Amino acid sequence: MKKSILILGLSLFLLLTFGINVQAQNKEVTESGTITYYATAKILPLGEGRFFMYYDATGLNLTDTGEGLFHNATVRALGGMTVEKGIYKDERGWGVFNLQNGDKVFFKYTYAGELNPKGVGVAKGVVTFAGGTGKAAGIKGSFETTRYVPRSAVAIEGVGLSYSKGKFKYTLP
């Protein structure tokens with residue numbers, strides 16, 4: 001009888017100890033999606049074939065599955081870069097995803113790429129989550145992304161249209 005109570009007590013102790021640790025582990029989530037952007041820009045010439053540009057962009061994210069934390073999230077970003085002969089290597093910015101439940105996810109990003117006045121400009125970047133509110137508080141993660149800027153999107157001076165594709169990878173506490 002004492003042996004049964006001891007085994008039961010030890011089993012309960014181990015279950016509680018390891019069960020809590022298993023439950024506390026964060027699960028990485030992946031969501032593939034496309035963000036479309038509308039951006040207004042200001043340009044400062046820096047010499048022949050060189051300029052600095054900063055922008056204010058708003059957009060909408062749609063996940064490939066039509067569900068997930070970031071599905072139908074709106075986004076706002078402020079960023080800037082120095083462009084020389086159509087190439088930029090120093091773009092960086094900060095932004096916020098506004099989730100459907102009202103929570104926010106803050107992020108920062110970097111890009112490098114090229115503008116292509118005769119075709120589609122392409123840039124590669126990394127987005128890193130920098131925190132959130134509500135259920136997204138404590139979010140951690142990042143993702144690589146590719147941005148495309150079609151030539152026709154630069155038809156209106158000071159306005160740009162683009163879209164980015166990527167796989168959001170994150171964990172929530």
The range 110-145 residues near the modelled S32 label - backbone nitrogen below 17 Å, point 7 Å along Cα→Cβ: 143-145
Could you check the simple spin-label distance between K89 and E114, using points 7 Å along Cα→Cβ, in nm with one decimal? 1.4
Work the Kirkwood hydrodynamic radius out for the range 27-171: mean of 1/r over every pair of different alpha-carbon atoms, inverted, in Å. 15.6
Quick calc, T40 & H71: beta-carbon distance into FRET formula, R0 30 Å, rounding 0.05, result 0.70
Karplus-derived 3J(HN,Hα) from phi for the range 31-47 (6.51 cos²θ - 1.76 cosθ + 1.60, θ = phi - 60°), whole Hz, x at Gly and Pro, runs 10, 8, x, 10, 10, 9, 10, 10, 10, 9, 10, 10, 10, 10, x, 10, x
Read phi for every residue in the range 113-121 and hand back ³J(HN,Hα) as whole Hz from Karplus 6.51 cos²θ - 1.76 cosθ + 1.60, θ = phi - 60°, with x for Gly and Pro. x, 9, 8, 10, x, 9, x, 10, x
Taking θ as phi - 60°, what are the ³J(HN,Hα) couplings along the range 129-135 by the Karplus curve (6.51, -1.76, 1.60), each to the nearest whole Hz, with x for Gly and Pro? 6, 10, x, x, 10, x, 5
Any idea what the relative contact order of the range 27-171 is, in percent, if you count C-alpha pairs under 8 Å spaced at least 6 apart? 23
Under a straight-distance cross-link criterion of Cα-Cα below 17 Å, which aspartates and glutamates are reachable from K108, leaving out those fewer than 8 residues away in the same chain? D56, D90, E91, E144
Loop-located GluC sites (Glu not before Pro) in the range 34-106 whose Cβ has at most 13 other Cβ within 10 Å (DSSP): E48, E67
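Every number in this text was worked out from the coordinates using simple rules, so none of it is lab data. Not measured: the values here are computed from a predicted model. Glycine also receives a Cβ, built like all others from the backbone with ideal geometry; neighbour counts cover every protein chain displayed.
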